[in-house]
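First the structure, in the form of C-alpha cells, and then the observations on it.
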Amino acid sequence: MALTEKDVRYVAELAHLELTADEVTEFLPQLDAILEYIQKLNELDTTQVEPMAQVTYPAAENPALRSDRPQPTFQQDEALMNAPEQGAGYFRVPRVIERE
Amino acid sequence: MDSKIAMDLTALTIDQIRDLLASRKATALELTEAHFARIEQKDKDVRAYLSLCSERAREQARNIDRKVAAGEPLGLLAGVPVAVKDVILARGTRATCASRILENYVAPYDATAVRRLEEAGAIILGKTNCDEFAMGSSTENSGFYPTHNPNDLTRVPGGSSGGSAAAVAANLAIVSLGSDTGGSIRQPAALCGIAGMMGTYGRVSRFGLVAFASSLDHIGPFGRSVRDVARVLQVIAGRDPKDSTSADIPVPDYVQALDAGAPGLKVGVPSEYFKGLNPETGDNIQKGIDLFGKLGCSVVPISLPHTDYAIACYYIICTAEASSNLARYDGVRYGFRSPEHDDLRDMYKKTRDRGFGPEVKRRIMLGTHVLSSGYYDAYYLKAQKVRTLITRDFLEAFDDVDVIVTPTSPLPAFKIGEKVDDPLQMYLADIYTVTASLAGIPGISVPCGRTKCEPHLPVGMQLLAKHFDEARLLQVAQAFEKAGGFEVA
C-alpha cells in the first residue's frame, strides 16, 4: 500500500472534510486501490502529446465572448432565499475577526 | 368514450399525444392526472421520483388545454408529461441532487433545458432520483433511497440518472431528462430497456445543471422510442447565451432525418469493446450487429487502441473537476450547515463531512489528491494527454466509418447491494461509456433484446458518431428500431 493514513488526513484537510476515524480507515484501502489502478496510464508514452485542455468545437472565432450589456439578475431576497443563516441582507457566518 | 377508457394514457408516444390533443380525444390535464395516478400506484415500488411538482404540472396542462380550445398553435411537446433529474433546476421546486447537503434547496431559476421544454408545451411532473451529485452507476448513492429497476425490482436501474430511466421504463413519464458525465444517461437506459442519448459536448445548454465535471457534463433525453428521443433533443439543443460552452452551430431537423434508413452506411465494430463482456450481453450485441448487415450497412472491424486507458483517464479528470466544483458547498450561501462548530473553518469541515455521502467524499478526496502540489503533472496532466489520444482514436475511426457500435454496459442490471462495497468495480462498469464522454462525441443507447436466462434483463447497444452528427446517429438508431432491433432474440 502506497497511500498512508497521514496522506488521507492531509488531503481531507485540503478538501475541508472533517473525516471520522472510521472514514479514514474505510477510505484508505479504497483510494489506494483506485490510485494503483490509475497508474496504468504510465504504460503510455505521452511526451509528444498535447494535453486536451478544452473540448472544443468548430464555431465562431470567440465563441465564449458576448457583448457586455447589463442584464437583469437576482434580487437580494432571491440570492438569500436558500441561505442557512442570514441577517440585514447578508449571509451570516461564524465570527472570523477576533475583537480585542 | 369507450376507446378513451381502454386507452392507457401513460403508454403513448409524443406523436400519439399530439394526435390525441388535436382530435380532442384526450386533454393535457387527463394525461397529467393519468401519470400522477400511476405514480401514486407504482412509484412506491420503483421509487423513481424524489419530488413531484403537481401544481406546476396542472397549471401547465390547463394552459395547453386552453390553447387547444382556442385553436392556437401548439408547441412541439404540447401535453407531454416529462420527468427531470434532480440535478437540473426548475424554478420554485426543490433540486437536491439526491444529496443531504441540498435537501432543502429550492431552485431560484429554470435550467435552459427545462425552460425550453415548458415553452414547447411539455408538462414537468417531478424530479427524479439519482446518485448523489450524479456520482455513481447504480442510483444506490442517492442520499435518500435507491431506485429499483422496473424490469426486476431487486436490481439497480443503473445510474447515475436511474430515476429518470426507471420513470420512463415504468410509464411514470413519457420522456425524461438526465445528465451524462461518463455514461449516466446511456448506461441506465441500457439497464432499464429504453433509449437514452447524450449529444455532442456543447449541443445542449448546461445552464441550470448542477456542475459535477464541467468538461464532461451533458444534459440529454430518455424515451421509449428513438423518435421520442429525437423530438426532445430537437427542443433542448442549440446555442444558449447563458452557457458559454454551448455550441453556436445550427440544430438540424432531427425528426426529418429519422426515416432515411441506413443503406450504404459503414458501421465500425471496435474489438476492444468485446473483451470481458458478459457472454449473454455479447450474444445480443452480435445479433444486433448482424441486423445492420441486413439493413444494407457494411459492418467493418475497427480498433480504438487506447480504450483500455479510458477508465483511469476518466476518473482522474472527473474527480479533479468535481473536487473543484463541489468546493462551493460550504454551508454559507445555500444548503445544509452543521449546527455545531467552533469557528468558520470548523463549520466548513463539519458541514461537508455531514452533508456529503461516502462516494462524493471519495471523489472529492481523489480529485484533491490528483490536483495537489507535486501530483498534478503525474495525474491530471497525464490524463489530459491520454484524453487527446482517446479522442484521436475516434477521429481517425470516423474518417472511415459513419457510426461505431458497441455494447453500452459490460453486464445487464445487477442486484441492489452487489457492488456497493467495491468502488473500483463500480467504476469499471462504465468502461464502454466514458470514452465518448472524454472525446466529446455524441452517443445513444438503444434496447437490443433481453438476456436468455431469467429474469430476461434488457441489453443496451451503444451507437457513437462524430462531433455534431446527432442526425446520423438518430437515423441509424431509428433504422435499427424499425427493423426490430429493440427485440432481437
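The values are calculated or read from the model by the stated rules, or taken from the named source; none is laboratory data. Since the model is a prediction, treat every value here as computed from it, not as a measurement. Every residue, glycine among them, receives a Cβ derived from its backbone with ideal geometry; neighbour counts consider all protein chains shown.
Quick check on the stretch B:270-279: of everything there that is part of a helix (DSSP H, G or I) and surrounded by 18 or more Cβ atoms within 10 Å (Cβ to Cβ), which residue is farthest from the chain's Cα centre (by Cα)? Break it down stepwise before answering.
Looking only at the stretch B:270-279, we keep the residues that are part of a helix (DSSP H, G or I), and these are B:271-274, B:279.
Keeping just the survivors that are surrounded by 18 or more Cβ atoms within 10 Å (Cβ to Cβ) gives B:272-273.
Working: B:Glu272: 24, B:Tyr273: 21 Å.
Only one residue tops the list, namely B:Glu272.
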### Task
Within the stretch A:9-37, track down each residue that is more than 30 Å from B:Pro305 (Cα to Cα), out of contact with any Phe, Trp or Tyr (no Cβ under 9 Å at 6 or more places or on another chain) and facing chain B (nearest Cβ under 9 Å).
A:Tyr10, A:Val11, A:Glu13, A:Leu14, A:Ala15, A:Thr20, A:Glu23, A:Glu26, A:Phe27
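How many of the residues making up the stretch B:383-404 are more than 25 Å from A:Tyr37 (Cβ to Cβ) and β-branched (Val, Ile, Thr)?
Filtering the stretch B:383-404 for residues more than 25 Å from A:Tyr37 (Cβ to Cβ) gives B:395-404.
With the extra rule that they be β-branched (Val, Ile, Thr), the set shrinks to B:401, B:403-404.
Residues meeting the conditions: 3.
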### Matching residues, the stretch B:141-155, being buried (at least 24 other Cβ atoms within 10 Å of the Cβ) and either in contact with a strand residue (DSSP E or B) (Cβ under 6 Å, 6 or more places away or on another chain) or closer than 21 Å to B:Lys361 by Cβ (or both)
B:Asn141, B:Ser142, B:Asn149
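Of A:Lys6, A:Lys40, which residue is part of a helix (DSSP H, G or I) and either crowded, with 20+ Cβ neighbours inside 10 Å or at the interface with chain B (Cβ under 7 Å from one of its Cβ atoms) (or both)?
On the way: A:Lys6 fails: either crowded, with 20+ Cβ neighbours inside 10 Å or at the interface with chain B (Cβ under 7 Å from one of its Cβ atoms) (or both).
Exactly one residue qualifies, and that residue is A:Lys40.
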### Task
Just give me the residues in the stretch B:335-363 being of a type in the set (D, E, K, R) and within 7 Å of another protein chain (Cβ to nearest Cβ), in sequence order.
B:Arg337, B:Asp343, B:Lys349, B:Lys350, B:Arg352, B:Asp353, B:Lys361, B:Arg362
### Query
Which of the following residues is over 15 Å from B:Gly159 (Cβ atoms) and either among the acidic types (Asp, Glu) or out of contact with any Pro (no Cβ under 9 Å at 6 or more places or on another chain) (or both): B:Asp422, B:Asp430?
B:Asp422
### Query
Can you tell me which of B:Gly335, B:Gly357 is surrounded by fewer than 22 Cβ atoms within 10 Å (Cβ to Cβ) and under 17 Å from B:Ala98 (Cβ atoms)?
B:Gly357
## Note on the structure
When B:Gly288 is run through (1) in a loop (DSSP other than H, G, I, E, B); (2) within 15 Å of B:Leu463 (Cβ to Cβ), the failure sits at (1)
### Query
So which residues in the stretch B:428-446 are over 13 Å from the mean Cα position of the chain (by Cα) and in a loop (DSSP other than H, G, I, E, B), if there are any at all?
B:Ala429, B:Asp430, B:Ile431, B:Tyr432, B:Gly440, B:Ile441
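Tell me the residue from B:Thr93, B:Thr112 that is within 14 Å of another protein chain (Cβ to nearest Cβ) and of a type outside the set (D, E, K, R), please. Outline the logic, then answer.
Details: B:Thr112 fails: within 14 Å of another protein chain (Cβ to nearest Cβ).
Going through B:Thr93, B:Thr112 in turn, the sole match is B:Thr93.
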### Query
Taking into account only those residues within the stretch B:384-426 that are surrounded by fewer than 21 Cβ atoms within 10 Å (Cβ to Cβ) and of a type in the set (Val, Ile, Thr), which is nearest to the other protein chains (Cβ to nearest Cβ)?
B:Thr388
### Query
Could you list, in sequence order, the residues of the stretch B:429-472 that are hydrophobic (A, V, I, L, M, F, W, C) and under 22 Å from B:Asp399 (Cβ atoms)?
B:Ala436, B:Leu438, B:Ala439, B:Ile441, B:Ile444, B:Leu463, B:Leu464, B:Ala465, B:Phe468, B:Ala471
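Identify, from the list B:Ala322, B:Ala262, the residue that is more than 27 Å from B:Leu457 (Cα to Cα), of a type outside the set (Val, Ile, Thr) and part of a helix (DSSP H, G or I).
Working: B:Ala262 fails: part of a helix (DSSP H, G or I).
Exactly one residue qualifies, and that residue is B:Ala322.
Looking only at the stretch B:292-299, decide whether some residue is of a type in the set (A, V, I, L, M), assigned to a loop (DSSP other than H, G, I, E, B) and either surrounded by fewer than 16 Cβ atoms within 10 Å (Cβ to Cβ) or more than 8 Å from chain A (Cβ to nearest Cβ) (or both). Lay out the reasoning, then the answer.
Narrowing the stretch B:292-299 to residues of a type in the set (A, V, I, L, M): B:295, B:299.
Cutting the leftovers down to assigned to a loop (DSSP other than H, G, I, E, B) gives us B:295.
Now drop any that are not either surrounded by fewer than 16 Cβ atoms within 10 Å (Cβ to Cβ) or more than 8 Å from chain A (Cβ to nearest Cβ) (or both), which leaves B:295.
Yes, some residue in the stretch B:292-299 is of a type in the set (A, V, I, L, M), assigned to a loop (DSSP other than H, G, I, E, B) and either surrounded by fewer than 16 Cβ atoms within 10 Å (Cβ to Cβ) or more than 8 Å from chain A (Cβ to nearest Cβ) (or both).
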### Task
All but one of (1) farther than 30 Å from B:Ser138 by Cβ; (2) in contact with a strand residue (DSSP E or B) (Cβ under 8 Å, 6 or more places away or on another chain) hold for B:Cys53, so report the exception by its number.
(1)
### Query
Of the conditions (1) facing another protein chain (nearest Cβ under 10 Å); (2) over 24 Å from the mean Cα position of the chain (by Cα); (3) crowded, with 19+ Cβ neighbours inside 10 Å, B:Ala262 fails just one. Which one is it?
(1)
### Message
Contact list please: Cβ distance under 6 Å, first residue in the stretch B:322-334 and more than 8 Å from every other protein chain (Cβ to nearest Cβ) and in contact (Cβ under 8 Å) with a residue 60 or more places away in the chain, second residue of a type in the set (Phe, Trp, Tyr) and surrounded by 23 or more Cβ atoms within 10 Å (Cβ to Cβ), pairs at least six apart or on different chains.
### Response
B:Ala322/B:Phe212
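Please enumerate the residues belonging to the stretch B:427-454 that are touching a His at 6+ places or on another chain (Cβ under 6 Å) and more than 14 Å from every other protein chain (Cβ to nearest Cβ).
Step one: of the stretch B:427-454, the residues touching a His at 6+ places or on another chain (Cβ under 6 Å) are B:441, B:450.
Selection gives B:Arg450 alone.
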#### Entry: Where B:Ala378 falls short, out of the listed (1) at pLDDT 95 or above; (2) over 27 Å from the mean Cα position of the chain (by Cα)
(1)
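If the requirement is being in a loop (DSSP other than H, G, I, E, B) and either in contact with an Asp or Glu (Cβ under 6 Å, 6 or more places away or on another chain) or within 8 Å of chain A (Cβ to nearest Cβ) (or both), which of these qualifies: B:Leu304, B:Leu381, B:Leu366? Lay out the reasoning, then the answer.
Working: B:Leu381 fails: in a loop (DSSP other than H, G, I, E, B); B:Leu366 fails: in a loop (DSSP other than H, G, I, E, B).
The match here is B:Leu304.
Report, by residue number, each residue of the stretch B:388-426 that is of a type in the set (A, V, I, L, M, F, W, C) and over 30 Å from B:Leu295 (Cα atoms).
We begin by selecting, within the stretch B:388-426, every residue of a type in the set (A, V, I, L, M, F, W, C); these are B:389-390, B:394-395, B:397-398, B:401, B:403-405, B:411, B:413-414, B:416, B:420, B:424, B:426.
Once the filter is applied, which keeps residues that are of a type in the set (A, V, I, L, M, F, W, C) and over 30 Å from B:Leu295 (Cα atoms), the stretch B:388-426 yields B:Leu389, B:Phe414, B:Ile416, B:Val420, B:Leu424, B:Met426.
Taking into account only those residues within the stretch B:208-245 that are away from chain A (no Cβ under 14 Å) and part of a loop (DSSP other than H, G, I, E, B), which is nearest to B:Ile311 (Cα to Cα)?
Looking at the filtered set, the residue picked out is B:Phe212.
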